[in-house]
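Here's the structure we're looking at; comments come further down.
The values are calculated or read from the model by the stated rules, or taken from the named source; none is laboratory data. Keep in mind that what you see is a predicted model, and the values were worked out from it rather than measured. Here the Cβ positions follow ideal geometry from the backbone for every residue, glycine too, while neighbour counts run over all protein chains shown. We work out accessible area using only protein heavy atoms, side chains counted, and drop any ligands, DNA or RNA first. Shrake-Rupley method; radii C 1.70, N 1.55, O 1.52, S 1.80 Å.
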Amino acid sequence: MPPDAIVFHGTTSAGKSSIAKALQATAPVPAFHISLDAFVTMSNRRDMRSDAERDQAYGMHCENLRSTLASVAQTQFDIVLDLVLRDQAELDACLQVLRGRPTYLVRVWAPLDVLEQRERSRDDRAPGMVREQIDHPAYRRPYDLEVDTSLCTPKEGASEIRRLIRERSRLTSQSNGPPTAAGDFQR
């Protein structure tokens, strides 16, 4: 069975990175945590002088993310992909890179008041980011699993994801191939 790819999708401050670390700690094989944030922080958005420069930087971030993802996807390592993407085409492009691996699309979320409290406690988040993101249509897509981080610890969220993987692996061993995220992008 090929290594797994677990794709976290959700707003800023939802707890994606915390669950990713918990998953890495319990991975049956080494797992790479690949986060869009790692690429976004390569540039300072405030330094951009125009929308065109911001768009160019965003395109570079997404291209670098996909390139790194493609490299790791060729290895025996599990992947935990951590995304805030609201651009459907970019999300689909990331999922496309993972084809051929068992892939699980997981929404990581919490109620707005919890997210805003977390946002206020972080130095690396601008006020209002969560409120701007939370109602975006990109987060209303079907997922393989949804984890409300206001109701569980990162370790409990990771356990819930591992349970999903075990169940799907058992079903997949009786079918003809690895599961793909959100029903082969049909959702």
The number of residues in the stretch 135-187 that are modelled with pLDDT under 95 and acidic (Asp, Glu) is 3
Hey, could you check the stretch 112-131 for residues that are of a type outside the set (D, E, K, R) and either part of a strand (DSSP E or B) or surrounded by 13 or more Cβ atoms within 10 Å (Cβ to Cβ) (or both) and say which is farthest from the chain's Cα centre (by Cα)? Gln117
Members of the stretch 16-52 found to be closer than 25 Å to Asp92 by Cβ and open to solvent by 40 Å² or more (accessible area, probe 1.4 Å), listed by number: Ser17, Phe32, His33, Asp37, Ala38, Val40, Thr41, Met42, Arg45, Asp51, Ala52
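Going by the conditions given, is Ala73 open to solvent by 60 Å² or more (accessible area, probe 1.4 Å) and out of contact with any His (no Cβ under 6 Å at 6 or more places or on another chain)? Steps first, answer last, please.
On the way: open to solvent by 60 Å² or more (accessible area, probe 1.4 Å): no; out of contact with any His (no Cβ under 6 Å at 6 or more places or on another chain): yes.
Criteria not met by Ala73.
Of the residues that make up the stretch 141-155, is at least one assigned to a helix (DSSP H, G or I), free of Cβ contacts under 8 Å to residues at least 60 places away in the same chain and open to solvent by less than 90 Å² (accessible area, probe 1.4 Å)?
Our first condition is that a residue be assigned to a helix (DSSP H, G or I); within the stretch 141-155, this holds for 154-155.
Now drop any that are not free of Cβ contacts under 8 Å to residues at least 60 places away in the same chain, which leaves none.
No; the residues of the stretch 141-155 include none that is assigned to a helix (DSSP H, G or I), free of Cβ contacts under 8 Å to residues at least 60 places away in the same chain and open to solvent by less than 90 Å² (accessible area, probe 1.4 Å).
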Look at Ala93 and say whether it is in contact (Cβ under 8 Å) with a residue 12 or more places away in the chain, surrounded by fewer than 18 Cβ atoms within 10 Å (Cβ to Cβ) and of a type outside the set (D, E, K, R). yes
Failed condition for Arg99, given (1) surrounded by 14 or more Cβ atoms within 10 Å (Cβ to Cβ); (2) under 23 Å from Ser17 (Cβ atoms); (3) modelled with pLDDT of 90 or more: (2)
